[in-house]
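What follows is a short report on a single structure.
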Amino acid sequence: MGMTITEKIMAQNSGRDRVVPGQLVWTDVHTVMTMDYLGKQTFNKLHDLGVTDVFDKDRVICVSDHLVPPPTEQFATMLNQWREAVREHDITHFYDLGRQGIAHQIMVEQGHVLPGKISIGTDSHANTYGAVGAVGNAVGVTDAAVAMATGKAWFRVPESVKFVIKGEWQPWVMAKDLSLYIMGMMHWNGHLIYKSLELEGPAISALDMAGRMTLCNMTVDLGAKNGIIAPDEITAAYLAPVAKGSWSPLASDPDAHYDAIYEVDVTNVGPTLAMPDKLDDIVPVEKVVGRKFNKAFVGTCTNGRVEDFAMMAKILKGKQVHRSVNMLAVPASQTVYLESLKLGYIQTLIEAGVAIDTPSCAACAGIHTGVAGDGDVVLSAGNRNMKGRMGSKNAQIFLTSPAVVAVSAITGEITDPRTFSL
Amino acid sequence: MAKIQGTAWVAKTYVMSFDMIIQRFWTAPIDPVENSKWVMAGVDEAFNRENGFVDQGYTFIVAGHNFAGGGKSIEHCVTGLMGAGIKAVFATSFARLQFRNAINYGLPFVTCRDMNLHCATGDVLEYDPETGIIQNLSNGQTFQSLPQEPFVSEVAEAGGLLEFVKRKIADGTVAELR
Ligand code: SF4
């Protein structure tokens, strides 16, 4: 029997001809990412291992994202300790404030993840790397330290499930809507927990890299071990100017085994939204139109890319954000920021009354810029909406696409973009 | 490995990692005793005070799907449970991040389907890590869990992944790990 793409990657990187689900294997790791929040702890663990040099200083990637610019004295001090540790280990690729971005965006946009390889990071959304056909996995600081020391990590080979996405993307529908739609289909009842989630089909081939990143990013929120899309010409074109290393194409065998295969016709997917507190409480946007909110937020590793800024700018051009709404948009990296600036999106958004903040995780994890307070109702294009996620436990967070956030920001209530005329 | 006996806390609903260790402790140093003080604080209001969970004296946790879900990589969830005296967690399924952290620290996360439907908080359980058999001494039911992988026992015996890898580095066999 053939192997799935994830099984192939795990076999190739562990020096085996084949692996089977359930097997525990040690594999080579192409890159290890750690960021400000847990970076210092990771280097401490490396120290506990009795190791001073990382396995390859070009392949340990350090990024400041959760805490920059530092919102408190405590975090400023943490950042200083983190910088010290990075310097001490002479890390080649350090994306600190000024060159910063959300780590997962940086890892992909700067070519630190490659098809057919395994990259890990000390943050949950490392699943994003599957967008280029890599196995991307989040690990704790112990695993990251071991990988930094040895270039290896252990994995349990996951069972795979496949989503075949067919049909035509409808106007105003974004990859985020499909992510939420799948969440609503599957819930957290075990069908995806610990599995490798493979996405394929004509509607995936039609998707740009930004959309693929959104989809793979949210597979962690679905409970999957990794999300993956086999590399194609779009991947190759994206990686050509940035790839740090060489790679060769690979795909699942036609006779690979899947625990389940699901089909989604994207023609039927409309603007979609997750209700506050529970990510698998999914409704079509038309069910909640008219709901008032006071904060609009677009950014994060899920939806802070140039394409997301393009969508917002298209909607907000010549329009004004409603006076009862504060809207904040945060590019996912300095590269995204600059590109959106050059393309005029930033100007359009500022003219419409949107506040732009310097790239970081911003309000997503409730740490800085734009945290939610008591009574806030946030319409967010982020990935998590549990109580207290963005700050106050007495705030409500609706999750949706940048298109829904932008259109709704104009009207001041949740609005279906399909009913809105530009 | 000897059999373990003790009382169980049975989860009524999903147990999420960000509730096991609430946000203000995410950056705390990793230390079982420290991390145990506020472990599970967000899971149940009854545990939302210093040593709220520790004071219950539970030995086991029994849960349904997606234990420690929500995709947080913080290791404090596992060290906090260990500091609180938890010797094994039985669940229908585990979220992968904490599943690896548990293995890395040597706390058995044991996959056992639907045990939560047949156990109540306060029941006395006996777990035999060698056979994977779990007995509910309070109601006489028996459960067969997945047997433990040799690698998992090796790591536990070494006292955790760091020690395990440290030994491999010391004896020059780390490159042979595969
Ligand atoms: S943007 Fe949000 S989800 Fe993404 S890495 Fe930052 S805090 Fe985590």
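The values are calculated or read from the model by the stated rules, or taken from the named source; none is laboratory data. The shown structure was predicted, so the numbers you read here are calculated from the model rather than taken from an experiment. Positions of Cβ are backbone-derived with ideal geometry, glycine not excepted, and every protein chain shown enters the neighbour counts.
Of the strands (runs of 3 or more DSSP E) lying entirely inside the range A:318-421, the ones with 2 or more residues being touching a Pro at 6+ places or on another chain (Cβ under 6 Å) are found at A:396-399. No other residue among A:Ser408, A:Ser392 is more than 16 Å from the ligand (Cβ to nearest atom) and within 14 Å of chain B (Cβ to nearest Cβ) apart from A:Ser392. Set side by side, the residues B:Val15, B:Val39, B:Val62, B:Val54 differ, and just one is under 30 Å from A:Thr128 (Cβ atoms), β-branched (Val, Ile, Thr) and modelled with pLDDT of 95 or more, which is B:Val39. Considering A:Asn303, A:Asn326, the condition of being modelled with pLDDT of 95 or more and under 24 Å from A:Ser179 (Cβ atoms) is satisfied by A:Asn303 alone. Among the residues of the range A:352-372, are any more than 14 Å from chain B (Cβ to nearest Cβ), more than 13 Å from the ligand (Cβ to nearest atom), hydroxyl-bearing (Ser, Thr, Tyr) and touching a strand residue (DSSP E or B) at 6+ places or on another chain (Cβ under 7 Å)? No: the range A:352-372 contains no residue that is more than 14 Å from chain B (Cβ to nearest Cβ), more than 13 Å from the ligand (Cβ to nearest atom), hydroxyl-bearing (Ser, Thr, Tyr) and touching a strand residue (DSSP E or B) at 6+ places or on another chain (Cβ under 7 Å).
Take A:Gly382 and tell me if it is more than 14 Å from chain B (Cβ to nearest Cβ), closer than 23 Å to A:Leu178 by Cα and within 13 Å of the ligand (Cβ to nearest atom). Considered against the rule, which asks whether it is more than 14 Å from chain B (Cβ to nearest Cβ), closer than 23 Å to A:Leu178 by Cα and within 13 Å of the ligand (Cβ to nearest atom), A:Gly382 comes out as no.
One residue alone among A:Val63, A:Val141 is away from chain B (no Cβ under 11 Å), more than 21 Å from A:Asn13 (Cα to Cα) and either hydrophobic (A, V, I, L, M, F, W, C) or buried (at least 24 other Cβ atoms within 10 Å of the Cβ) (or both), and that residue is A:Val63.
For the criterion of being among the acidic types (Asp, Glu) and either under 19 Å from the mean Cα position of the chain (by Cα) or within 25 Å of B:Pro150 (Cα to Cα) (or both), A:Asp65 passes. Counting only residues that are buried (at least 24 other Cβ atoms within 10 Å of the Cβ) and more than 10 Å from chain B (Cβ to nearest Cβ), the range A:37-49 holds 3 of them. Whenever a residue of the range A:134-145 is within 15 Å of B:Phe164 (Cα to Cα), its partners that are among the hydroxyl-bearing types (Ser, Thr, Tyr), lying with C-beta atoms within less than 7 angstrom and at least six residues away or across chains, give the pairs A:Ala144/A:Thr34; A:Ala144/A:Thr42; A:Ala144/A:Thr122; A:Ala145/A:Thr42. Of A:Lys278, A:Lys292, all but one fail to be modelled with pLDDT under 95 and away from the ligand (no atom under 16 Å from the Cβ); the exception is A:Lys278.
Note on the range A:66-118: residues that are away from the ligand (no atom under 14 Å from the Cβ), within 14 Å of another protein chain (Cβ to nearest Cβ) and either buried (at least 24 other Cβ atoms within 10 Å of the Cβ) or assigned to a loop (DSSP other than H, G, I, E, B) (or both) amount to 4.
One line per residue, one yes/no per condition, for (1) in contact with a His (Cβ under 8 Å, 6 or more places away or on another chain); (2) more than 8 Å from chain A (Cβ to nearest Cβ); (3) within 27 Å of B:Val33 (Cα to Cα):
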site	(1), (2), (3)
B:Ala91	yes, yes, yes
B:Phe94	no, no, yes
B:Arg113	no, yes, no
B:Gly122	no, yes, yes
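Of the residues making up the range B:81-93, those that are touching a strand residue (DSSP E or B) at 6+ places or on another chain (Cβ under 9 Å), assigned to a loop (DSSP other than H, G, I, E, B) and at negative phi are B:Ile86, B:Lys87, B:Thr92, B:Ser93. The range B:94-178 holds strands (runs of 3 or more DSSP E) entirely within its bounds, and those carrying 1 or more residues that are free of Cβ contacts under 8 Å to residues at least 24 places away in the same chain and over 23 Å from B:Gln56 (Cα atoms) map to B:133-136, B:142-144.
The criterion of at least 3 residues that are touching a Leu at 6+ places or on another chain (Cβ under 6 Å) is met, among helices (runs of 4 or more DSSP H) falling completely within the range A:150-237, by A:175-186. Surrounded by fewer than 18 Cβ atoms within 10 Å (Cβ to Cβ) and either within 15 Å of the chain's Cα centre (by Cα) or closer than 30 Å to A:Thr42 by Cα (or both): does that describe B:Arg96? Considered against the rule, which asks whether it is surrounded by fewer than 18 Cβ atoms within 10 Å (Cβ to Cβ) and either within 15 Å of the chain's Cα centre (by Cα) or closer than 30 Å to A:Thr42 by Cα (or both), B:Arg96 comes out as no. You will find that of A:Thr302, A:Thr335, the residue that is in contact (Cβ under 8 Å) with a residue 12 or more places away in the chain, within 16 Å of the ligand (Cβ to nearest atom) and within 14 Å of chain B (Cβ to nearest Cβ) is A:Thr302 and no other.
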